[in-house]
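Here's the structure, in structure tokens; my notes come after.
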Amino acid sequence: MVGLITRLLEEQGKKAPVVIGGCALSYYSREVYFTTDIDLAYADREALDSVLGSIGFQKKGRYWVHEGLKMAIEAPASKLSDEEAPVEIVEVGEGLQCTIIGIEGLIIDRLNACKHRKSEIDCEMVELLIHRYFNDLDWSYLEKKSVKPENDILMELQEFKRRAQG
């Protein structure tokens, strides 16, 4: 669905939305984590609203819902919190692609939830992601972002890294 939304937005000369949150976590965890909605970071709400409405979604509170597909989409962020955050472009079908928050940005997000909201599932997902992608992670980026005052998660990151190294 995000591939279609991306195509329709790009046909209007708009940027692609970025998949964030649980849907991104589901992608990177290879569906170990399951979510019931799709979260997007997208600034042009008017364009997104128009596209979603044109393909059968109806606005219900903060969600766009497609009853026939049993699908909900939310755009809780107008952009990634870090403009330089890496993203991954994923081919999802014939000529369709979607943009997903990079693994490092997702780890920072989930590590914040682990520490500051005491979310056990996010702690487990951070451990899984670091273990699974250890050799592919940009550790300097992770460490740089983890010391920012809004994050303050360097000690936790280092502990997860130490455990993953075994």
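Listing Lys14, Lys118 from fewest to most neighbouring C-beta atoms within 10 Å gives Lys118, Lys14. Per-residue Karplus couplings for segment 107-121, computed as 6.51 cos²θ - 1.76 cosθ + 1.60 with θ equal to phi - 60°, are listed in order as 4, 4, 4, 6, 5, 4, 5, 4, 7, 7, 9, 6, 8, 4, 5 Hz, Gly and Pro entered as x. Hydrodynamic radius of the chain by the Kirkwood approach over all distinct alpha-carbon pairs: 16.7 Å.
Using Cα pairs closer than 8 Å and at least 6 residues apart in sequence, work out the relative contact order for segment 104-165, in percent.
Numbers: 52 pairs, mean separation 22.9, N = 62.
About 37 percent, as a whole number.
Each residue of segment 11-26 is assigned a 3J(HN,Hα), and the resulting list reads 5, 8, x, 9, 6, 6, x, 10, 6, 10, x, x, 5, 5, 5, 4 Hz, derived from the Karplus form 6.51 cos²θ - 1.76 cosθ + 1.60 (θ = phi - 60°), x at Gly and Pro.
For Val87, the residues whose modelled amide H falls within less than 5 Å of its own, excluding neighbours fewer than 5 places apart on the same chain, are Gly102. Counting beta carbons within 10 Å around each of Phe134, Phe57 and listing the fewest first gives the order Phe134, Phe57.
Have a look at the DSSP beta bridges in the chain and tell me what percent are antiparallel, nearest 5.
Values: 16 of 22 bridges.
So the antiparallel bridges amount to about 75 percent of the total.
The amide H of Val92, built 1.01 Å from its N in the peptide plane, has Gln97, Cys98 as neighbours under 5 Å, considering only residues 5 or more places off or on other chains. Annotation: peptides 32-41, 89-98, 105-114, ranked by per-residue average of other Cβ atoms within 10 Å with the highest first, follow the order 105-114, 32-41, 89-98. In plain terms, the chain from His116 to Arg132 could stretch by 3.4 nm, reckoned as 0.36 nm per residue minus the Cα-Cα distance. Just so you know, the Rg over Rh for segment 104-165 is 0.91, from Cα atoms, with Rh as the Kirkwood radius.
Across segment 59-65, computed HN-Hα scalar couplings (Karplus, 6.51 cos²θ - 1.76 cosθ + 1.60, θ = phi - 60°) run 6, 9, x, 8, 10, 9, 10 Hz from first to last residue, x flagging Gly and Pro.
Look at the alpha carbon pairs under 8 Å that are at least 6 residues apart: their mean separation over the length of the chain gives a relative contact order of 20 percent.
We did not get these values from a lab; they are worked out from the coordinates using the rules stated. Keep in mind the model is a prediction, meaning the values are calculated, not measured. Here the Cβ is made from the backbone with ideal geometry for all residues, glycine too, and neighbour counts use every protein chain on show.
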